[in-house]
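None of the figures in this text is laboratory data; all of them are computed from the coordinates on show. This structure is a prediction, so every number in the text was calculated from the model and none was measured. Cβ sites come from the backbone with ideal geometry, for glycine too, and all protein chains shown count toward neighbours.
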Ligand SMILES: *[C@@H]1O[C@H](CO)[C@@H](O)[C@H](O)[C@H]1NC(C)=O
Ligand SMILES: [Cu+2]
């Protein structure tokens, strides 16, 4: 992935890189709002809810169907994200009827991110269900879920957890793997502007170049300092 120059780094630079990158790679994302089924990202590659499932002690958060916040903190600076909901307390198994709750986005920058206008069909009002966030990240699909009670109207005051870190942004996008989970079509395109023209491969390519520049800079600093 990186140019050959990376292989010429000193032992010191190598050990620093070995130290730094796995930390970034394994932190994944932490769903912050609505309150997630569980707090750890350790098994986040495990579908459908990152190793967690509903239990009698699961937290329940009211979720306003006409617009509510979904907030997470993410370590990956370039991810595609799907937000969807299902009625009931199970997120796996065949025959579940998922509804997409926001157009697929491409989110850039690592840190806090909050989408304050996630919407759910009005038919959910009065029901309970699971809100699932799936990130298609550089290390694969990552899953987080929250158990929610759907209520009518719009979230009157955004939770404190709903904030964007400095330089964290997003744009509407598309993602074949995420769309395949919804049956292969854009199911939430009614109010969405058309997706941007930059495919995910270009973004990942850009990201790997940045990674390599950072790595090369680290290597250079160590070579000069020793
Ligand atoms: C965070 O950024 C996204 C996209 O850039 C924006 O739509 C959203 O409103 C922002 N969230 C907050 C809480 O400002
Ligand atoms: Cu990760």
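Side notes on the structure shown:
- Counting beta carbons within 10 Å around each of 49, 114 and listing the fewest first gives the order 114, 49.
- Going from the residue with the fewest nearby Cβ atoms within 10 Å to the one with the most, 108, 29 rank 108, 29.
- As a rough footprinting exposure proxy, the listed residues 76, 117, 28 were ranked by other beta carbons within 10 Å of their own, and the order from fewest upward is 117, 76, 28.
- Extension gain, residue 182 to residue 40, is 48.5 nm, computed as 0.36 nm per intervening residue step minus the present C-alpha separation.
- Stretchable slack from residue 47 to residue 92, in nm (0.36 nm times residue separation minus alpha-carbon distance): 15.4 nm
- Per-selection Kirkwood Rh - the range 28-200 (Cα, Å, 1 d.p.): 15.9 Å
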